[in-house]
Amino acid sequence: MTFRTALALLLAVTACGGRSQPSQNPFPAIPITVESLQADSIAQLLIKRAVAADAQLQNPDSAYADDAEVIANGVLRVDAPRLAGVAAGGAIQLGSTRFSVTGSYVWGTVEYRWVPSALPARMVAGWATIVIARLKDGNWRILHVHSSTPSVADTTGS
């Protein structure tokens with residue numbers, strides 16, 4: 001650092017009062033632990049596995065608990081695709097995700113889009129609420145998924 005640069009920096013700090021004020025952020029810091037990072041990573045992996053299987057119309061048994069409950073637009077689903085609005089031929093894109101972790105449970109929401117591979121099908125946006133747990137055998141599995149898509153009014157007039 002040159003003398004001029006150091007002098008300019010010193011004058012700038014002095015002109016600003018020389019001390020910074022403590023942050024007045026009303027929101028507490030988010031506690032980050034190894035366990036929460038691990039659970040969040042596991043949740044991301046399970047969701048990606050489930051979504052990839054849905055896009056290929058396969059049943060991702062290893063992502064779900066044996067007695068998992070999956071509801072799509074109010075209908076119980078047992079076979080792929082399990083997310084609302086997903087159909088054969090297309091891709092699923094994940095949007096924003098938000099998870100919370102407590103002990104052996106992870107829950108949160110996922111925004112997704114199903115993009116058809118051909119016309120005249122339309123892209124469908126959806127939201128899913130997901131509950132994941134570490135089972136007694138130590139493996140993480142999806143326990144519950146509830147997904148929905150916005151209803152679209154019939155514009156064809158029929």
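The values are calculated or read from the model by the stated rules, or taken from the named source; none is laboratory data. What you see is a predicted model, and the numbers here were worked out from it, not measured in a lab. FYI the Cβ positions are ideal-geometry reconstructions off the backbone, even for glycines, and counts take in every protein chain you see. Side chains are part of the model used for accessible areas, which takes the heavy atoms of the whole protein and leaves out ligands, DNA and RNA. Shrake-Rupley method; radii C 1.70, N 1.55, O 1.52, S 1.80 Å.
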Hey, can you tell me all the residues within the range 20-57 that are open to solvent by less than 100 Å² (accessible area, probe 1.4 Å), at pLDDT 70 or above and part of a loop (DSSP other than H, G, I, E, B)? Thr33, Leu57
Which numbered condition in (1) out of contact with any Phe, Trp or Tyr (no Cβ under 9 Å at 6 or more places or on another chain); (2) aliphatic (A, V, I, L, M); (3) closer than 20 Å to Leu57 by Cα is the only one that Leu135 fails? (3)
Taking strands (runs of 3 or more DSSP E) that do not extend beyond the range 61-158, which have at least 1 residues that are at pLDDT 90 or above and among the polar types (S, T, N, Q)? 105-116, 124-134, 140-148
Are any of the residues in the range 145-155 more than 24 Å from Glu35 (Cα to Cα), in contact (Cβ under 8 Å) with a residue 60 or more places away in the chain, within 17 Å of the chain's Cα centre (by Cα) and open to solvent by 60 Å² or more (accessible area, probe 1.4 Å)? yes
Of all residues in the range 68-101, which are touching a residue at least 24 places away in the same chain (Cβ under 8 Å), open to solvent by 60 Å² or more (accessible area, probe 1.4 Å) and of a type outside the set (A, V, I, L, M, F, W, C)? Glu69, Asn73, Gly74
